[in-house]
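Input: a single structure, listed below in C-alpha cells.
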C-alpha cells in the first residue's frame, strides 16, 4: 500500500495580508499613504484624494501574489 504524501501549504505574509486586498480581476489594492499626521500643513484636496484605495503598481503585483498565495 502506497503512503500518501501531503502537499506543503504556503504561509501568507501577515503584514501584507493586513494591508492589501485582491480585486475581482486579480489585482491588488492598497490604502493611500501620507494621511497619518501633520495634516494641518497639507491641502484639503490632497487629503481628500488620499481617502480611498489605489491599485498597486504593476511592478509590485507579482511580488504580492507570492506573498499572498491564497488571497
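Just so it is clear, none of the values below were taken in a lab; they were calculated from the coordinates. Predicted, not measured: the structure shown is a model, and the values here were computed from it. FYI the Cβ positions are ideal-geometry reconstructions off the backbone, even for glycines, and counts take in every protein chain you see.
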Please give the helices (runs of 4 or more DSSP H) falling wholly within the range 1-67 in which 2 or more residues are surrounded by 12 or more Cβ atoms within 10 Å (Cβ to Cβ) and in contact with a strand residue (DSSP E or B) (Cβ under 8 Å, 6 or more places away or on another chain).
58-67
Within 22 Å of residue 64 (Cα to Cα) and touching a helix residue (DSSP H, G or I) at 6+ places or on another chain (Cβ under 7 Å): does that describe residue 19?
no
Which residue pairs have Cβ atoms closer than 6 Å, lie 6 or more positions apart in sequence or on different chains, and pair a first residue in the range 9-28 that is at positive phi with a second residue that is surrounded by 13 or more Cβ atoms within 10 Å (Cβ to Cβ) and in a loop (DSSP other than H, G, I, E, B)?
none
